[in-house]
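Engineer: Sending over a structure as structure tokens; questions will come in a sec.
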Amino acid sequence: MRVFGIHSPAVLNYSLMKVLLSNDDGIFARGIWLLAEELKKIASVTVVAPDREQSAVGTAVTLRHPLRVQQVKPLVTGVEAYSVDGTPADSVILALSKLVAGGADLVISGINQGLNLGDDVLISGTVSGALQAYLRDYPSVAVSMEGDKREFQEMAARLIALVAKRIEADILPKNLFLNVNL
């Protein structure tokens with residue numbers, strides 16, 4: 001059933017979708033966990049993010065020391081979570097090659113605090129995490145927003161869940177790299 005070109009949610013089955021979440025604000029940033037909570041309703045969610053804030057590191061990857069990964073207690077029940085002592089790019093590369101069995105159907109980086117527009121896109125760790133997934137043939141979305149009010153972050157998480165549903169239902173293309181700013 002189609003309504004205005006969008007499949008009815010009752011017809012689609014999203015239960016098998018696997019989503020990898022990362023960010024540049026660190027493993028315990030509120031935005032990533034609000035996304036995890038919302039996406040858990042429609043997907044299996046794994047969080048792999050830097051162990052600390054890594055804003056403005058661009059596409060940097062760690063080359064001169066071994067990366068350390070630690071499984072952490074998730075802030076959302078039923079979500080697997082790991083911290084990486086590296087950059088957002090390191091987190092996504094490591095997750096897709098070692099931590100998420102069978103890969104992911106979608107990689108989302110965010111919710112970043114602060115917009116990533118214009119020249120900022122080139123130095124954004126949030127955008128870099130999504131880019132690393134895209135370069136490995138995974139659909140990816142970087143999501144950033146101005147401000148940090150919880151109710152707006154919750155709204156952003158719901159919006160990104162709708163985008164995830166559209167990707168899973170082939171309404172949006174699988175070879176996707178989006179930079180969403182709210």
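The values are calculated or read from the model by the stated rules, or taken from the named source; none is laboratory data. The structure displayed is predicted, hence computed values, not measured ones. In this analysis, Cβ positions are derived from the backbone assuming ideal geometry, glycine residues included, and neighbour counts consider all displayed protein chains. In case anyone asks, the SASA skips ligands and DNA or RNA and just uses the protein heavy atoms, side chains included. Shrake-Rupley method; radii C 1.70, N 1.55, O 1.52, S 1.80 Å.
Engineer: Among residues belonging to segment 12-55 that are open to solvent by 40 Å² or more (accessible area, probe 1.4 Å) and closer than 19 Å to Asp90 by Cβ, point out the one that is modelled with the lowest pLDDT.
Structural biologist: Ranking the candidates gives Ser55 first.
Engineer: How many residues are under 15 Å from Ala142 (Cα atoms) and without any contact (Cβ under 8 Å) to a residue 24 or more places away in the chain when one looks only at segment 88-113?
Structural biologist: Residues in segment 88-113 being under 15 Å from Ala142 (Cα atoms) and without any contact (Cβ under 8 Å) to a residue 24 or more places away in the chain: 0 in total.
Engineer: Is it true that Ile93 is of a type in the set (A, V, I, L, M) and either under 14 Å from the mean Cα position of the chain (by Cα) or farther than 23 Å from Ile42 by Cα (or both)? Step through it out loud before you land on a result.
Structural biologist: Values: of a type in the set (A, V, I, L, M): yes; either under 14 Å from the mean Cα position of the chain (by Cα) or farther than 23 Å from Ile42 by Cα (or both): yes.
Taking the combined requirement at face value, the residue satisfies it.
Engineer: Select, from Gly129, Gly58, the only residue that is under 22 Å from Phe28 (Cβ atoms), surrounded by 15 or more Cβ atoms within 10 Å (Cβ to Cβ) and in contact (Cβ under 8 Å) with a residue 24 or more places away in the chain. Before the answer, list the steps.
Structural biologist: On the way: Gly58 fails: under 22 Å from Phe28 (Cβ atoms).
Just a single option satisfies the conditions, and that option is Gly129.
Engineer: Between Ala164, Ala133, Ala169, which is at pLDDT below 95, under 16 Å from Lys18 (Cβ atoms) and in contact with a strand residue (DSSP E or B) (Cβ under 7 Å, 6 or more places away or on another chain)? It would help to see each step written out before you state the result.
Structural biologist: Numbers: Ala164 fails: at pLDDT below 95; Ala133 fails: at pLDDT below 95.
Selected residue: Ala169, the only one of Ala164, Ala133, Ala169 that is at pLDDT below 95, under 16 Å from Lys18 (Cβ atoms) and in contact with a strand residue (DSSP E or B) (Cβ under 7 Å, 6 or more places away or on another chain).
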